[in-house]
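S.K.: One structure coming up, written as structure tokens, with questions to follow.
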Amino acid sequence: MSKKVLLSSKEIQIILHRLACQLLENHTDFKDTVLIGLQPRGTYLAKRLTTILTQEYGVKEINLGSLDITFYRDDFRRGEKTLEASKTHINFLVEDKKVVFIDDVLYTGRSIRSALTAIQSFGRPAEIELLTLIDRRFSRHLPIQPNYRGRQVDAINEEKVQVLWQENDGQDIVYLINE
Amino acid sequence: MSELSVNHLLGIKYLNKNDINLIFETADHFKEVINRSIKKVPSLRDITIANIFFENSTRTKLSFELAEKRLSADVINFSASQSSVKKGETLIDTVNNILSMKVDMVVMRHPNPGAGVFLSKHVKAAIVNAGDGAHEHPTQALLDSYSIREKLGDVGGKNVVIVGDILHSRVALSNILALKLQGANVKVCGPKTLIPKHIESLGVTVETDLRKALNWCDVANMLRVQNERMDISYFPSTREYTQQFGVNKALLQSLDKEIVIMHPGPINRGVEITSDVADSNQSIILDQVENGVAVRMAVLYLLASKIK
């Protein structure tokens with residue numbers, strides 16, 4: 001097994017600031033925008049971006065939620081293990097809002113497909129965008145592309161992208177693992 | 001920890017504590033789902049479930065059916081009263097005929113104890129016991145414990161008294177097993193004629209003085225007097241039963257603490273509990289009904305995930 005550093009802590013910081021600025025360009029005061037981190041690991045990225053937007057770019061208030069897609073996945077009973085759910089926290093209306101889905105890695109696109117179904121249980125958004133830290137292009141099963149991407153990676157199928165976050169894993173780092 | 005240790009839910013006695021925790025954690029997520037404006041998830045869209053009720057039921061059947069529909073399963077319903085059972089068909093033949101229609105799970109209520117276990121050995125489908133005679137009613141016990149956990153934070157260490165017709169109650173047996181498994185202290189209280197011999201072997205104590213039992217407990221789970229299961233008279237009159245084992249507002253107020261009142265329904269108002277108790281803030285009867293859907297969704301989801 002080989003493990004290559006794809007993004008260092010410093011590179012992640014730079015990318016987070018760039019992504020925050022791109023969001024700011026398109027959503028200005030975030031009055032009609034809600035950020036939704038996809039459970040489990042998209043929530044760390046969503047919280048980081050919210051902190052940067054409020055503390056460093058002076059956005060007054062951002063509606064930040066987390067969405068669990070377990071019950072909407074299309075691979076129920078197809079894997080070895082029972083799918084375990086995480087918590088969904090959406091205590092605001094998404095009706096007519098601009099929703100930004102935030103996830104750490106975009107791979108096959110199936111999680112995003114599930115999220116698109118799941119969010120409809122909370123209302124009909126005006127539009128939905130996708131932000132992802134790592135975009136594994138060439139591995140999509142569905143016609144889904146991000147609106148905002150941190151880094152595009154041409155990983156082959158046997159390779160795995162692992163994103164670690166300071167608050168959960170003790171450091172910010174992204175690895176490309178070849179098993 | 002992410003998988004049940006069983007392929008069928010036949011009774012609490014087949015579960016372990018991890019199973020119960022997993023069911024409760026999954027039910028927490030489903031409780032959030034059923035409080036959304038759109039209460040349905042597509043998880044079981046490729047599963048067909050048959051609800052086979054050989055005995056009358058309103059709330060359990062409705063609760064299962066709602067749970068199944070909220071998980072997007074296809075549902076067929078079968079009542080023995082309108083079926084070939086009346087013509088002498090055996091249980092296995094009845095169920096095999098239904099399974100030939102490509103049914104994946106069977107939720108069954110049957111008047112005979114052990115009917116679910118028997119069926120699980122003879123047919124290829126996941127079986128959920130929705131009550132087998134006076135034996136077990138596992139999903140009722142799970143939703144009762146879940147409701148206690150929700151109200152009091154934990155089941156372990158709590159004092160729970162089960163009051164009434166213990167002898168004929170499948171709810172009582174399943175509840176005793178579930179509560180003991182989670183570390184609760186359990187008493188049963190009722191007329192001596194309605195308390196089975198050797199019940200202490202399940203780790204419970206017997207109390208025939210309702211006031212003493214209520215003073216001891218954190219939760220009183222009141223059971224319905226099951227007149228339909230009584231072939232002889234077990235107490236002199238309903239009036240006398242109510243005087244000794246019925247809970248009314250005055251009795252509750254005379255206790256030196258506030259206890260939680262539960263009832264699996266249907267309530268004989270004025271017999272086991274009076275209306276003002278059933279409708280009071282201390283009663284969590286309607287929470288039990290709501291939690292029933294979430295807990296049954298969790299059970300069906302976890303069992304369905306084991307069907308390959």
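S.K.: Report the relative contact order of chain A, percent, no decimals, based on alpha-carbon pairs under 8 angstrom and at least 6 residues apart.
M.R.: Across chain A, relative contact order equals 25 percent.
S.K.: How charged is the neighbourhood of B:LYS13? Take every other residue with its Cβ under 14 Å from the Cβ of B:LYS13, and add Lys/Arg as +1 and Asp/Glu as -1.
M.R.: Its environment carries a net charge of 0.
S.K.: Using θ = phi - 60° and the Karplus relation 6.51 cos²θ - 1.76 cosθ + 1.60, list the HN-Hα couplings for segment B:195-210 in order, rounded to whole Hz, with x at every Gly or Pro.
M.R.: Rounded to whole hertz, the list is 10, x, 5, 6, 5, 4, 5, 8, x, 10, 10, 10, 9, 9, 9, 4.
S.K.: Rounded to the nearest 0.05, what FRET efficiency do B:ASN16 and B:ILE76 have when you use their Cβ-Cβ distance and R0 = 35 Å?
M.R.: 0.65
S.K.: For B:THR48, what charge total do you get from the other residues with a beta carbon under 11 Å from its beta carbon, if Lys and Arg give +1 and Asp and Glu give -1?
M.R.: -2
S.K.: If amide H atoms are built 1.01 Å from N in the plane of the peptide, which residues on other chains or at least 5 residues away come under 5 Å of the amide H of B:ASN112?
M.R.: Residues meeting the criterion, in which the H sits 1.01 Å from N, are B:GLY133.
S.K.: Still on this model: Take peptide B:299-307, look around each residue's Cβ out to 10 angstrom, count Cβ atoms belonging to other protein chains, and average those counts.
M.R.: That works out to 2 on average.
S.K.: Hey, how many Å between the Cα centroid of segment B:197-266 and the Cα centroid of segment A:92-129?
M.R.: The distance from the Cα centre of segment B:197-266 to that of segment A:92-129 comes to 51 Å.
S.K.: While we're looking at this one, here's another question. What ranking do A:HIS17, A:HIS141, B:HIS135 get, fewest neighbouring Cβ atoms within 10 angstrom at the top?
M.R.: A:HIS141, A:HIS17, B:HIS135
S.K.: Still on this structure, please answer the following. Could you give each residue of segment B:165-176 its phi-based ³J(HN,Hα) in whole Hz, using Karplus coefficients 6.51, -1.76, 1.60 with θ = phi - 60°, and x for Gly or Pro?
M.R.: 7, 6, 4, 9, 9, 6, 5, 5, 5, 4, 5, 4
S.K.: 7 Å from Cα along Cα→Cβ at both A:GLU11 and A:GLN162: what's the point-to-point distance in nm?
M.R.: My value for the distance between the label points is 1.6 nm.
S.K.: Another one. Using the 2.2 N^0.38 Å rule of thumb for compact globular proteins, work out how segment B:138-284 stacks up: its C-alpha Rg over that value, please.
M.R.: 0.95
S.K.: Can you grab the distance from the C-alpha centre of segment B:7-31 to the C-alpha centre of segment B:51-126, Å, no decimals?
M.R.: Computed from Cα coordinates, the inter-centre distance equals 21 Å.
S.K.: Classify segment A:1-42 as rounded, prolate or oblate, taking a ≥ b ≥ c as the square roots of the eigenvalues of its Cα gyration tensor: rounded when a/c is under 1.5, otherwise prolate if a/b is larger than b/c and oblate if not.
M.R.: In terms of gyration-tensor shape, oblate.
S.K.: Defining a contact as two alpha carbons under 8 Å apart and six or more residues distant in sequence, what relative contact order in percent does chain B show?
M.R.: Across chain B, relative contact order equals 20 percent.
S.K.: If you don't mind, there's one more thing I want to ask. Using a simple spin-label model with points 7 Å from Cα along the Cα→Cβ vector, what separation in nm is obtained for B:ASN281 and B:GLU240?
M.R.: Going by the 7 Å Cα→Cβ label model, 3.8 nm.
S.K.: Let me ask something else. Need one number: convex hull volume per residue for chain B, Cα atoms only, in Å³.
M.R.: 135
S.K.: Between A:CYS21 and B:LYS39, what FRET efficiency follows from the Cβ-Cβ distance if R0 is 41 Å, with the result rounded to 0.05?
M.R.: 0.55
S.K.: Could you give me the ³J(HN,Hα) list for segment B:242-250, computed from phi with Karplus coefficients 6.51, -1.76, 1.60 and θ = phi - 60°, whole Hz, x at Gly and Pro?
M.R.: 4, 4, 8, 10, x, 10, 10, 4, 4
S.K.: Nearest 10 degrees is fine. How inclined is helix B:59-70 to the longest principal axis of chain B, computing both from alpha carbons?
M.R.: That helix lies at roughly 40 degrees to the long axis.
S.K.: In what sequence do B:CYS217, B:CYS189, A:CYS21 fall when counting other Cβ within 10 Å, fewest first?
M.R.: Starting with the residue having the fewest Cβ neighbours, the order is A:CYS21, B:CYS217, B:CYS189.
S.K.: Which entries of B:LYS151/B:LYS192; B:LYS61/B:LYS197; B:LYS13/B:LYS158; B:LYS39/B:LYS187; B:LYS158/B:LYS192; A:LYS97/B:LYS69 show an alpha-carbon separation above 26 angstrom in the structure shown?
M.R.: Too far apart for the 26 Å limit: B:LYS151/B:LYS192; B:LYS61/B:LYS197; B:LYS39/B:LYS187; A:LYS97/B:LYS69.
S.K.: Next up: Rounded, prolate or oblate for segment B:225-304? Axes are the square roots of the Cα gyration tensor eigenvalues, ordered a ≥ b ≥ c, and the cut-off for rounded is a/c under 1.5.
M.R.: The shape class here is oblate.
S.K.: Further question: Amide H to amide H, which residues 5 or more places from B:VAL247 or on other chains are under 5 Å from it, using H placed in the peptide plane?
M.R.: Residues meeting the amide H criterion: B:ILE273, B:THR274.
S.K.: For segment B:138-284, calculate the relative contact order in percent as a whole number, restricting contacts to Cα pairs under 8 Å that are 6 or more residues apart.
M.R.: 24
S.K.: Continuing with this model, one more query. Counting only residues 5 or more places away or on other chains, whose amide H sits under 5 Å from the amide H of A:VAL34 once H atoms are built in the peptide plane?
M.R.: It is A:LYS98, A:VAL99, A:VAL100, by chain and number.
S.K.: Let me ask something additional. Which ordering of B:GLU65, B:GLU272 is given by a fewest-first count of other beta-carbon atoms within 10 Å?
M.R.: B:GLU65, B:GLU272
S.K.: Now a separate question. Can you give me the span-like helices of chain A, meaning DSSP H runs with 15 Å or more of Cα extent along the axis and Kyte-Doolittle mean at or above 1.6?
M.R.: Helix filter hits for chain A: none.
S.K.: Taking springs between alpha-carbon atoms closer than 10 angstrom, which of B:HIS122, B:HIS263, B:HIS110 fluctuates most in the Gaussian network model of chain B?
M.R.: B:HIS122
S.K.: Would you kindly calculate the translational diffusion coefficient of segment B:66-165, applying Stokes-Einstein with the Kirkwood radius from alpha carbon pairs, for 4 °C and a viscosity of 1.567 mPa s, and quote it in µm² s⁻¹ without decimals?
M.R.: Stokes-Einstein gives a translational diffusion coefficient of 82 µm²/s.
S.K.: Calculate, in whole percent, how much of the Cα-Cα pair population of chain A lies beyond 26 Å.
M.R.: That tail contains 28 percent of the Cα-Cα pairs.
S.K.: Work out Dmax and Rg for the protein assembly as shown from the C-alpha atoms and quote the Rg first, both in angstrom.
M.R.: Expressed in Å, the Cα Rg and Dmax of the protein assembly as shown come to 26.8, 82.
S.K.: Also, quick follow-up: What share of the DSSP beta bridges in the protein assembly as shown is antiparallel, in percent to the nearest 5?
M.R.: 20
S.K.: Under a Cβ-Cβ cut-off of 10 Å, what is the net charge of the residues other than A:SER121 that fall near it, where Lys and Arg count +1 and Asp and Glu count -1?
M.R.: For residues surrounding A:SER121, the net value is +3.
Any read-out appearing in this document is the output of simple, stated calculations on the displayed coordinates, not a laboratory observation. Computed from a predicted model, the values in this text were never measured in an experiment. Cβ atoms come from the backbone with ideal geometry, glycine included; neighbour counts cover every protein chain shown.
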